[in-house]
Amino acid sequence: MDPQRPPISAADIAAGQVAAIVTAAEHAAEDIAARAERAAREREREGQREADTLRQRAEADAARTREEAQREAVQIGELARKEADERIRSAQEAADEALAQAQQIGAGLTQLAATLESQAERILRDVQTGHRRLMADLRLGAGITPEEEREQREREHERERPREARTENPLDDLEVPSWAEKKS
């Protein structure tokens, strides 16, 4: 599939099929009418070739045949229109069903996205809480002063802010724990 062209929807495919069906039905009706006209003219020529005494009868036969051919062409045209209408209805129903299914899938995907986002936020909160506990335990084990612990919490709070609110330098987000820093 060409990545530049958008995918063709089921409604577009159905509309194309309906147009093709209608065109085929119209061509079939025209072909039937043309064949009926040709048959009527041929019979008329045969009547003209006959003797003068048969001429009147041949013209009457040709007129009757023409009328029958026209009636038959009208009937066939009506049948073709009815069949085309039925196919159009079927195509519309299929397109409506495809649209309904697509809407259901879209709603399901929206709900799934919301659920996944909620789960991701919960996991992030759990990881942050665990990180804080671990860092507090490490500080206690390293003998960090209350002042150092306060500074550490401020740095953690800064790190949890959205990236847009932080400084532009990504190295500012990196932090060496105070218990690992060299004391001068």
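No value in this document is a laboratory result; all are computed from the given coordinates. Quantities reported herein were computed from a predicted structural model and do not represent experimental measurements. Glycine gets a Cβ as well: all are built from the backbone with ideal geometry, and neighbour counts include every protein chain shown.
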Handout entry: Ranking of THR65, THR53 by count of other Cβ atoms within 10 Å, fewest first
Key = THR53, THR65
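About the Cα centre of the stretch 10-116, what is the dipole size in debye to 20, counting +1 per Lys and Arg Cβ and -1 per Asp and Glu Cβ, all else neutral? Could the numbers behind the result be given before it?
Numbers: 15 positive and 22 negative charges, 47 e Å.
Its charge dipole is roughly 220 debye.
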Exercise for the section: Could you please report the charge total around ALA91, scoring K, R as +1 and D, E as -1 over all other residues with beta-carbon less than 12 angstrom from its beta-carbon? Expected result: -4
Practice task
Using the Karplus curve 6.51 cos²θ - 1.76 cosθ + 1.60 with θ = phi - 60°, work out ³J(HN,Hα) for each residue of the stretch 77-90 in order, rounded to whole Hz, and write x for Gly and Pro.
Solution key: x, 5, 4, 4, 5, 4, 5, 5, 4, 5, 5, 5, 4, 4
Practice task
Output ³J(HN,Hα) for the stretch 7-14: one whole-Hz value per residue in order, computed from phi by the Karplus curve 6.51 cos²θ - 1.76 cosθ + 1.60 with θ = phi - 60°, and x for Gly and Pro.
Solution key: x, 7, 7, 4, 5, 5, 5, 4
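Could you put VAL74, VAL22 in order, starting from the residue whose Cβ has the fewest other Cβ atoms within 10 Å?
Details: VAL74 12, VAL22 16.
Ordered from fewest to most neighbouring Cβ atoms within 10 Å, VAL74, VAL22 come out as VAL74, VAL22.
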Fill in the blank from the handout: Sequence order, the stretch 63-72: Karplus ³J(HN,Hα) from phi using 6.51 cos²θ - 1.76 cosθ + 1.60, θ = phi - 60°, Hz rounded, Gly and Pro as x, gives 5, 5, 5, 4, 4, 4, 5, 5, 4, 5
